[in-house]
Amino acid sequence: MAKLRARGIIGLLIGLLLPQRYVELEVWPRSEEYPNWNQPLIHIRSNDPGSWLHWYRRLNDFLKEYETTVPEDPPRAPCSVYNRLDPHSRSDPCDIAMRIWGPCSADNFYGYVEGKPCVFLRLAYLHYWVPHPYNMSTSLPIPADMPNHIKQAMRFYDTRQYGDYIWVACEGEFAADKENIGPIQYIPADLPPGFKTSRLHTADHIPYATRNLPDHVPGPLIAVYFENPRRGLVINVECRIWTRDIYYDRNSNVGRARFELYID
């Protein structure tokens, strides 16, 4: 008991000392302009390639570090930044992986060509964090305000088969945004909506001596596909992770990200 209490105190002190570098949820593509780099306004006109081509290129630049001919199973990201019409060969495993990422791949221009954009999310600054995930195998209560799609996923994706996940939910930030955001898909669609804990380089998975070193393998991604956002107005979007140890705070970036969509 004393050891657990000491660990809790150490974890609290780390969280206080690193408030802006503790379990951040990154948004990609990002803006080039400061201070909107972390909270971009993604403005596109689906019938104007010039309005979305730079977002497509930024996503490709970001996803280049995930390129591989032998993707993991399940793939942690799209394995190629080349459209299927480009004169660039792919391995058979990569072709399969690209289909798993469905609308959120270069084959579909990440949805931007249709005014149905994909946004990629990734967790950062995990090295001092030991997550405490929600799952149906524990007797601890589930928050009443947890989104229904997460509750359903916990029932459908058995922890014994799929493992624990850091759940992700995105929604309109304010009442008008909730009405205008339209349907959302989390991609890959046949996997739990979030990050599998066993694939994250959190403090319980890495030696203490290497916690300050950069990861050699980029973290897994989840894509958010906006099927039909209302056009002609700004939609404020907020995404957050759901774990037992992360508390929601609108004034903090811990476990939370926001951005804006404007589809003409």
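The table below lists the values:
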| read-out | value |
| --- | --- |
| Restricting the range 67-119 to residues that are open to solvent by 10 Å² or more (accessible area, probe 1.4 Å) and of a type in the set (Ser, Thr, Tyr), the residue that is farthest from PRO220 (Cα to Cα) | SER89 |
| Members of the range 160-175 found to be part of a helix (DSSP H, G or I) and closer than 13 Å to PHE195 by Cα, listed by number | TYR162 |
| Residue satisfying all of: in the range 40-62; under 13 Å from CYS118 (Cα atoms) and among the aliphatic types (A, V, I, L, M); farthest from the chain's Cα centre (by Cα) among these | ILE44 |
| Subset of the range 94-129 (residues that are over 18 Å from the mean Cα position of the chain (by Cα), more than 25 Å from ASN47 (Cα to Cα) and assigned to a loop (DSSP other than H, G, I, E, B)) | TYR128 |
| The range 57-80 residues that are closer than 13 Å to TYR110 by Cα and touching a residue at least 40 places away in the same chain (Cβ under 8 Å), paired with ones that are outside any loop (DSSP other than H, G, I, E, B) and open to solvent by 90 Å² or more (accessible area, probe 1.4 Å) (beta carbon under 9 Å, 6 or more apart) | ALA77/GLU65 |
| All positions within the range 32-88 that are assigned to a loop (DSSP other than H, G, I, E, B), hydroxyl-bearing (Ser, Thr, Tyr) and within 22 Å of GLU260 (Cβ to Cβ) | TYR34, SER46 |
| Residue tally, condition aromatic (Phe, Trp, Tyr) and free of Cβ contacts under 8 Å to residues at least 60 places away in the same chain, over the range 42-56 | 1 |
| Residue list for the range 193-226, filter: at pLDDT below 95 and open to solvent by less than 20 Å² (accessible area, probe 1.4 Å) | LEU200, THR202, ALA203 |
| Unmet criterion (only one of (1) over 17 Å from the mean Cα position of the chain (by Cα); (2) in contact (Cβ under 8 Å) with a residue 60 or more places away in the chain; (3) in a loop (DSSP other than H, G, I, E, B)) for GLY219 | (1) |
| For VAL237: the one exception among (1) in a helix (DSSP H, G or I); (2) hydrophobic (A, V, I, L, M, F, W, C); (3) under 28 Å from LYS64 (Cβ atoms) | (1) |
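The values are calculated or read from the model by the stated rules, or taken from the named source; none is laboratory data. If you're wondering where the values come from, they're calculated on a predicted model, not measured in any experiment. Here Cβ is always computed from backbone atoms with ideal geometry, including for glycine, and neighbour counts include all displayed protein chains. Note: accessible area is taken over every heavy atom of the protein model, side chains too, but ligands, DNA and RNA are not part of it. Shrake-Rupley method; radii C 1.70, N 1.55, O 1.52, S 1.80 Å.
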